[in-house]
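**Q** Mind having a look at this structure? Questions to follow.
Please treat every number below as a calculation from the coordinates, not as lab data. Remember, it's a predicted structure, so these values are computed and weren't measured experimentally. Cβ atoms come from the backbone with ideal geometry, glycine included; neighbour counts cover every protein chain shown.
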C-alpha cells in the first residue's frame, strides 16, 4: 500500500485486511476470497473518494442480493 493514500482509504483498507486475516485464521480463506479482497483494496485505493466508493460497492452488492432474492436464488 502506498503512503499517499487518503486517511479514509487507509482506514477502510486496514479494516478489510483485518477482516480477511480473521477469516483466514478461522479457516475460511481461499484464493477466491483473497482475490475479492485484493479487488476491493484496489478499487478503494484508486478512488478519488474512498468512502463514496465503499457506498457504491455496498449498493451494488445490495441490489444484486435483492434481485437474486426476488428471483428465488438467495435466501
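**Q** Roughly how tilted is helix 50-70, in degrees to the nearest 10 and between 0 and 90, from the longest Cα axis of the chain?
**A** 10
**Q** Okay, helix-only estimate at 222 nm for the chain: each DSSP H run of n ≥ 4 adds -39500 (n - 2.57), divide by all residues, round to 500 deg cm²/dmol; what do you get?
**A** Numbers: 3 runs with 56 residues, N = 75.
After summing the helix terms and dividing by residue count, I get -25500 deg cm²/dmol.
**Q** Which values of log₁₀ I(q)/I(0), to two decimal places, follow from the Debye formula for the chain at q = 0.12, 0.14, 0.17, 0.22 Å⁻¹ with a uniform point scatterer at every Cα?
**A** Treating every Cα as an identical point scatterer, log10 I(q)/I(0) equals -0.41, -0.55, -0.76, -1.03.
**Q** Still on this structure: For the residue pair residue 19 and residue 33, what label-to-label distance in nm results when each label sits 7 Å from Cα along the Cα-to-beta-carbon direction?
**A** In this crude label model, residue 19 to residue 33 measures out at 1.3 nm.
**Q** Rank 61, 40, 52 by mean-square fluctuation in a GNM of the chain with C-alpha springs under 10 angstrom and give only the top-ranked residue.
**A** Among 61, 40, 52, the largest GNM mean-square fluctuation belongs to 61.
**Q** Relative to the longest principal axis of the chain, what angle (0 to 90°, nearest 10) does the C-alpha long axis of helix 7-25 take?
**A** Here the helix axis deviates by roughly 60 degrees.
**Q** Helix 31-46: angle to the longest alpha-carbon principal axis of the chain, degrees 0 to 90, nearest 10?
**A** 60
**Q** Over the chain, what is the relative contact order in whole percent, taking alpha-carbon pairs under 8 Å and six or more residues apart? Display every interim value, and only then the final one.
**A** Values: 27 pairs, mean separation 21.7, N = 75.
That works out to 29 percent.
**Q** Still on this model: Find the centroid of the Cα atoms in the range 4-47 and in the range 56-72, then give the distance between the two in whole Å.
**A** 21
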